[in-house]
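What follows is one structure encoded as structure tokens, with my remarks underneath.
The values are calculated or read from the model by the stated rules, or taken from the named source; none is laboratory data. Given the structure is predicted, the values throughout are model-derived calculations rather than measurements. Positions of Cβ are generated from backbone atoms using ideal geometry, with glycine treated the same way; all protein chains shown enter the neighbour counts.
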Amino acid sequence: MIEVREVARRWQARQGLREIARETGLDRKTVRRYVDALKALGVTADAVLDDAVVHVIAQQVQMRPAAELSVERAKLGAHRERIVAWLGEKRPLRLTKIATLLARDHGVEVSYATLRRYAMDELGFGRVKPTVRIADAPAGEEAQVDFGLMGELVDAQSGEVRKLHVLIITLSFSRYQFVWPTYAQTTEATCEGLDEAWRVFGGVPQRIVPDNASSMVSKADPLGPVLVPAFADYVQARGLFVDAARVRSPKDKGRVENQVAYVRESWWSGERFGSLDEARASALHWCCEIAGMRVHGTTRARPREVFEQQEQALLSPAPTERFDVPHWATAKVHPDHHVQVLKSLYSVPTKHIGREVRVRADRRIVRVYAGTELIKTHPRVAVGKRSTDPNDYPSGVAPYAMRSVDALLVRAQKRGEHVGRYATRLLGGPLPWTTMRQGYELVRLCDRYGDARVDAVCKSALDFDVIDVPRIGRMLKHAIRIEDAAAEQGHVRRLPSTPRFARSADGYATRKEVT
């Protein structure tokens, strides 16, 4: 363009062809062709040349006729569709294999160099795919998140050599970033690193763009990814929205993806850290003073200054305490009314026995859900312990299951004054659980022989200080035998105030209704 304009400018100044060629360094024949093109287009001495006219002149002078196709190129052109299909397979064939197939199956003998030039010129083989630069998100809106492997570090607690990863959080607008070294890539480690980033940034952005790490995404989908339940709890608690990148699409989070190598080379390489805490302190200093104060290659500004001046004020308030990462699980309610969660047992009402429920357990509370309904809440107990609510058992069974001494005393006192006193003496020792079976047997004797008889025998036993329920049973049997013998001899038998079988039908039921 400059060459054409210079020749035209000198021609309009009425310089000769020799003079133009001498002062511009061009060949005189080339100058003549430019001048002939100017004349052919009707350019006058006082005309103003625009870019369109200059382009036409350059094309007329510099355009050369296309070279004729070689015989080998013509042969390849006849098999263009076949070559395109081979290169477009899920696992494309190599050009050396394509050359072999063409020669063996189709009789096309061409050199590898010719085949490669043909594939590059005609089919775009080997070309870098074009990309589209996405506009940066507004200030305070987006942070991109990624894990990167740094190397190995000796664990100060166990003495083992462990792989050290870093969680990198980069704010898309300012390019200010935070690096969190960690041994694990679990949901707990991710939430801990994110909370530390919000503390350092002094706020929380509106959304994050993570990859599809299993600590955050349980099911990858370009339109509706499914988050890990514990991580979903975290983003809800922090007021975040998640826009997970597509699988094997690092350009979806390019602001943080290209920082992994930079962090490894600038911060990690050549350094020696004695512990994980020392590595974290070093990473924080590097983020603030080195990476944050460099002139960024794209924005040509210092990320930390841009962050402090334009972005920090637009972030949501940072959390004041760490997030208690919950454990979500699916558990089955066993016939003993309990579900097992993290090696501990928690009771559930009877009507849910046999069903599968969802359980959410954090450090303090365990919540049990049937669908979307919260059916039970328990305080978190230690491993191997259990938390049982007596109200979850059927009516009347809870005292027995909980081995309640007080409930047994109340039942005995309802059967008679002396029965109650006898039960109090029986269960009043230092180890009442060891005599609870006798207490239940005492109540069953009342059902068998009637409250009045048992109460009378208990009064006699108390007078003689006989605290032995099996003996009470023998005394009752002996009294029955005496009454039966008297009846056989013709004596009139006096019935007790409460007959032997004067009980409700519930006392004889073999199967009780479960409520």
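For every residue, the table says whether it meets (1) at positive phi; (2) surrounded by 10 or more Cβ atoms within 10 Å (Cβ to Cβ); (3) in contact with a helix residue (DSSP H, G or I) (Cβ under 6 Å, 6 or more places away or on another chain).
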| residue | (1), (2), (3) |
| --- | --- |
| ALA40 | no, yes, no |
| ALA47 | no, yes, no |
| ASP50 | no, no, no |
| MET63 | no, no, no |
| LEU87 | no, yes, no |
| THR96 | no, yes, no |
| THR114 | no, yes, yes |
| TYR118 | no, yes, yes |
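Residue under question is GLY254, and the condition is that it be within 29 Å of TRP286 (Cα to Cα), modelled with pLDDT of 95 or more and of a type outside the set (A, V, I, L, M); does it hold?
Considered against the rule, which asks whether it is within 29 Å of TRP286 (Cα to Cα), modelled with pLDDT of 95 or more and of a type outside the set (A, V, I, L, M), GLY254 comes out as no.
Restricting the search to the range 278-301, which residues are touching a residue at least 24 places away in the same chain (Cβ under 8 Å), in a helix (DSSP H, G or I) and exposed (fewer than 13 other Cβ atoms within 10 Å of the Cβ)?
Residue satisfying the conditions is ILE290 alone.
Return yes or no: is TYR183 touching a His at 6+ places or on another chain (Cβ under 9 Å), of a type in the set (Ser, Thr, Tyr) and on the phi < 0 side of the Ramachandran plot?
In short, yes.
When you look at GLY274, is it surrounded by fewer than 13 Cβ atoms within 10 Å (Cβ to Cβ) and not assigned by TED's automatic domain parsing to the domain that holds ILE208, yes or no? Give the steps one after another, and end with the answer.
Details: surrounded by fewer than 13 Cβ atoms within 10 Å (Cβ to Cβ): yes; not assigned by TED's automatic domain parsing to the domain that holds ILE208: no.
Considered against the rule, which asks whether it is surrounded by fewer than 13 Cβ atoms within 10 Å (Cβ to Cβ) and not assigned by TED's automatic domain parsing to the domain that holds ILE208, GLY274 comes out as no.
Which residues, taken from the range 365-411, are outside any strand (DSSP E or B), among the charged types (D, E, K, R) and either surrounded by fewer than 15 Cβ atoms within 10 Å (Cβ to Cβ) or at pLDDT 85 or above (or both)?
ARG380, LYS385, ASP389, ASP392, ARG403, ASP406
Take ARG255 and decide whether it is in a helix (DSSP H, G or I), of a type outside the set (A, V, I, L, M) and over 24 Å from GLU141 (Cα atoms).
no
Kindly evaluate THR190 against the criterion of being assigned by TED's automatic domain parsing to the domain that holds GLY274 and surrounded by fewer than 19 Cβ atoms within 10 Å (Cβ to Cβ). Walk me through how you get there before you give the answer.
Working: assigned by TED's automatic domain parsing to the domain that holds GLY274: yes; surrounded by fewer than 19 Cβ atoms within 10 Å (Cβ to Cβ): no.
So THR190 fails the test.
Consider ALA244 carefully, then state whether it is within 27 Å of the chain's Cα centre (by Cα) and either in a helix (DSSP H, G or I) or not small (Gly, Ala, Ser) (or both).
no
Considering only the range 160-177, state which residues are over 19 Å from the mean Cα position of the chain (by Cα), within 17 Å of SER215 (Cβ to Cβ) and touching a residue at least 60 places away in the same chain (Cβ under 8 Å).
Passing the criteria: only LEU164.
When you scan the range 61-76, how many residues do you find that are at pLDDT 85 or above and either part of a loop (DSSP other than H, G, I, E, B) or out of contact with any Leu (no Cβ under 7 Å at 6 or more places or on another chain) (or both)?
Number satisfying all stated conditions: 7.
Could you please let me know if GLN157 is of a type in the set (S, T, N, Q) and in contact (Cβ under 8 Å) with a residue 12 or more places away in the chain? Please lay out each step first, then the result.
Numbers: of a type in the set (S, T, N, Q): yes; in contact (Cβ under 8 Å) with a residue 12 or more places away in the chain: no.
So GLN157 does not fit the description; no.
Determine if the range 201-220 includes at least one residue that is within 30 Å of HIS285 (Cβ to Cβ), touching an Asp or Glu at 6+ places or on another chain (Cβ under 8 Å), surrounded by fewer than 19 Cβ atoms within 10 Å (Cβ to Cβ) and in contact (Cβ under 8 Å) with a residue 24 or more places away in the chain.
Yes; the residues of the range 201-220 include at least one that is within 30 Å of HIS285 (Cβ to Cβ), touching an Asp or Glu at 6+ places or on another chain (Cβ under 8 Å), surrounded by fewer than 19 Cβ atoms within 10 Å (Cβ to Cβ) and in contact (Cβ under 8 Å) with a residue 24 or more places away in the chain.
Within the range 312-325, take every residue that is in contact with a helix residue (DSSP H, G or I) (Cβ under 9 Å, 6 or more places away or on another chain) and not in a loop (DSSP other than H, G, I, E, B) and give me the one that is surrounded by the most Cβ atoms within 10 Å (Cβ to Cβ).
GLN312
Looking at the structure I just gave you, is VAL35 part of a helix (DSSP H, G or I), among the hydrophobic types (A, V, I, L, M, F, W, C) and surrounded by fewer than 16 Cβ atoms within 10 Å (Cβ to Cβ)?
So VAL35 fails the test.
Find the residue count for the range 150-162, including only residues that are surrounded by 13 or more Cβ atoms within 10 Å (Cβ to Cβ) and either touching a His at 6+ places or on another chain (Cβ under 9 Å) or part of a strand (DSSP E or B) (or both).
Adding up the residues that qualify gives 4.
Pairs needed: first member in the range 86-109, among the polar types (S, T, N, Q); second member anywhere, part of a helix (DSSP H, G or I); C-beta distance under 7 Å; at least 6 residues apart or different chains.
THR96/TYR112
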